[in-house]
Amino acid sequence: MGPDFPRHEAASAPQGTQSSFAQATIEHLFEFSPDAILISDERGVMRAANPRTLEMFGYASEELIGQLVDMLVPARFRSGHPIHRENYSAHPRARQMGAAMNLCGLRKDGSEFPVDIMLKPIDTEAGHAVVSFIRDTTDQRAALDALRTHDLRLSSILDSIDEYAIYLLDLNGNVLTWNPGAEQIKGYKAGEVLGQHFSRFFIHDDIESGYPAELLSRAARLERVEEEGWRVRKDGTRFWANCVLTAIRDSAGAVTGYSKVTRDVTESKKAQEAVILQLSTVLLANVDIRKLLGAISVSIQQMVPHDAATLALFDEESGKLQVQFLSSDGNVEDRPPEVQLDPKASPSGQAFRSRQPLILNRIESWPFAPESIQHLTAVGMVSGLWVPLIHRERTLGALAVFSRAPNTFTQHDAVLLGQVAGQVAMAVNNALSFKQLAELRERLHQEKKYLEDEINVDNQFEDIVGESTGLRSVLREIATVAPTDATVLIQGETGTGKELLARAIHRLSPRVERTFIKLNCAAIPAGLLESELFGHEKGAFTGAIARKIGRLELAHEGTLFLDEVGELSLDLQPKLLRALQEREIERIGGTRPIPVNVRLIAATNRDLVQMVAEKQFRSDLFYRLKVFPVLAPPLRERASDIPVLVRHFVERHSRRMGKTIQTIPDEAMEALVRWKWPGNIRELENFLERAVILSRGPVLFVPLAELESMEEEEGDSAVSANPTLQAAERDHILRALRDAKGMIGGPTGAAARLGLKRTTLNSKIKKLGIERSDYM
């Protein structure tokens, strides 16, 4: 280092003016300063640079020392730099640069970066010099830009929201900001309200009672206040507002102002009042508590959404609260049984005794008598709200709603539910005197329902037509297995309605509200069946241009119907078995397991037992599918159902085609009943659809000749399969033709002699290759 370096000057100074401690400190700061320190002479030649300078600009020490400082300045600023240096030399002083000048430094690699510079003149033995302290402000500039962008975005968002009035208040409640939503809702322009006190938006009674000042005080104390009430627009009209007032604090915790969000909920208020009116009408029109339960639940669902609700009534004889679940769909048949609770140790009892609402964000946190909440936790309820039922100063019990999520209910919900509770209490008070009669009615209703279920089991299967003993047996099996999650294997010939049986199982199961997904294993090429079942990720194979969700995943929480399951390939069968056992799948090309909860119904017209024996179907999958086997009877075993099915299909297709068919000929019906229908119900429906098309009047035209032709073709196929029988038939026809002297038709013709139609005999002559020369 040269003698003009300040550390040399400091080292050579008299001991009285510079201590060794100060010297060491300066040297340490120079070496380890987080900012670049650069020393240059009056001509701008760099004489010394600390390590941070070399790191910041990307040079080695020997590349900088002795060079002009201009090399660290971007080319676009370099021409003016000598003038700035001369001006500074003429008036040297400590000077801050960069904050407002957007100065940039130039690295060795040509990249630029923003800098702040502090210039400090010093005197050395070699003359005047300048110490430059250089700070890289890239991060600070980025932070400022991000903050500016954030402010712009926030301002843009606030300006785009026209459904909420969003504005700020100072400590005294004067309006500081005003967004377009506030202008639309309240009717004031920004210039009309800025600086004005927010109490101008309140009704006269609230202003007189000091309610606006009370709101500010509560927000400062509670941090956040939410309330509803009437507010006034500029034109004097009122609207029902939902308002949230939040205190704004500085870093020391002192309140500096408030933010206010207001929403016009007048329509919602009207809807609530309509619900209350509707509830009052329904409740007052009934005196049976059991009939009231559904109406109560349906009404409160509109005001306070919930997953379950209960009505607890105090029984003076037992001293207990009798708790009944309310069904959210108004159905009183499927409620859990009544529960008895101690009024002194249950949440319902606390609301009953205190006559005040009770909110539990987590029901399990109730500190008394765990058995008093067991009926709630057992069905998955997590949070709850209880309000007392009070009528004419008499407390009758408690009304409660519950959710499967925590922290669901608020004080606002308690107010709404309290309004409903007032109406419910009135109705319950009127209905208590009819309790015994209601219980008798309920018992009679249950008995009637039981008898109807026994007599009209088929009413639950509106898509399945028939009254035969075999069909009723199958329907009883379905009614038994449907409420469970057991896998069902439906076996039967093609066309016997296996899919209808599967849909009936789904409709009667607890999964009825979820999806019913079907997949015909025989209708999809084997190479694509795995993708249909399990799905695939994008790029998993050629042609997989997008992710596909498989049928198993689509049927999650629902039912999957695999038709023609016997067509599954052997390599796909273990994958299906694993999905059923592990309750998880992986898409083709995927890496993570996907949980699936599926109720499987399989169907086949093949003999799976024989396929297992021939190693064409895995035995483990077969036993997994055959948890509950159901056999769909063929139509030939349900001959008594054919007339019912005929009328059903004729009515359906005639209505669809806009025809009116009133009569089905007896001989046609007898022929339809006699026919064996190898294609079962599907064949019967297709045949009758063709009959409806051919019918031109109110009488069904049944093309019986087609049935006879099919019967003859079946007979012909049996004959052709036996050469001896075929030869005997040929010889028999030839003898008849010779006896009739070659005549086929007529009373004495060969057809009449053989008991055949002329067209039928002609067909046989052609098939057997009989020529005229053979018999003439």
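Side notes on the structure shown:
- Evaluating Leu360 against the criteria (1) at pLDDT below 85; (2) within 20 Å of Leu416 (Cα to Cα); (3) of a type outside the set (Ser, Thr, Tyr) leaves one unmet condition, (1).
- Looking only at the stretch 307-325, and only at residues there that are of a type in the set (D, E, K, R) and not in a strand (DSSP E or B), the one that is nearest to the chain's Cα centre (by Cα): Asp307
- The number of residues in the stretch 578-605 that are touching a residue at least 12 places away in the same chain (Cβ under 8 Å) and closer than 17 Å to Leu621 by Cα comes to 14.
- Among the residues of the stretch 737-763, the ones that are modelled with pLDDT under 80 and touching a Leu at 6+ places or on another chain (Cβ under 8 Å) come to 1 in all.
- Selection status of Glu532, in a helix (DSSP H, G or I) and more than 23 Å from Glu685 (Cβ to Cβ): yes
- Considering only residues in the stretch 468-503 that are open to solvent by 40 Å² or more (accessible area, probe 1.4 Å) and among the charged types (D, E, K, R), the one that is nearest to Pro643 (Cα to Cα) turns out to be Arg472.
- Filter result (hydrophobic (A, V, I, L, M, F, W, C), open to solvent by 40 Å² or more (accessible area, probe 1.4 Å) and closer than 15 Å to Met118 by Cα) within the stretch 58-96: Ala94
Matching residues to (1) at pLDDT 90 or above; (2) open to solvent by 50 Å² or more (accessible area, probe 1.4 Å); (3) of a type in the set (Gly, Ala, Ser):
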site	(1), (2), (3)
Arg221	yes, yes, no
Lys234	yes, yes, no
Trp240	no, no, no
Ile248	yes, yes, no
Gly257	yes, no, yes
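- Complete set of residues in the stretch 354-402 that are part of a strand (DSSP E or B) and either free of Cβ contacts under 8 Å to residues at least 12 places away in the same chain or farther than 23 Å from Ala425 by Cα (or both): Ser383
- The number of residues in the stretch 198-211 being in a helix (DSSP H, G or I), in contact with a Gly (Cβ under 9 Å, 6 or more places away or on another chain) and surrounded by fewer than 18 Cβ atoms within 10 Å (Cβ to Cβ) comes to 2.
Table: residues versus (1) under 25 Å from Val481 (Cβ atoms); (2) out of contact with any Leu (no Cβ under 8 Å at 6 or more places or on another chain); (3) open to solvent by 10 Å² or more (accessible area, probe 1.4 Å).
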{"site": "Ile505", "(1), (2), (3)": "yes, yes, no"}
{"site": "Gly527", "(1), (2), (3)": "no, yes, yes"}
{"site": "His536", "(1), (2), (3)": "no, yes, yes"}
{"site": "Gly539", "(1), (2), (3)": "no, yes, yes"}
{"site": "Lys548", "(1), (2), (3)": "no, yes, yes"}
{"site": "Arg551", "(1), (2), (3)": "yes, no, yes"}
{"site": "Gln573", "(1), (2), (3)": "yes, no, no"}
{"site": "Arg583", "(1), (2), (3)": "yes, yes, yes"}
{"site": "Arg599", "(1), (2), (3)": "yes, no, no"}
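- Subset tally (residues that are open to solvent by 30 Å² or more (accessible area, probe 1.4 Å) and under 19 Å from Pro678 (Cβ atoms)) for the stretch 609-649: 5
The values are calculated or read from the model by the stated rules, or taken from the named source; none is laboratory data. Bear in mind the structure is a predicted one, so any value in this text is a computation, not a measurement. We place every Cβ from the backbone using ideal geometry, glycine too, and count neighbours over all the protein chains shown. Remember, those area values only see protein heavy atoms, side chains included, never the ligands or the DNA or RNA. Shrake-Rupley method; radii C 1.70, N 1.55, O 1.52, S 1.80 Å.
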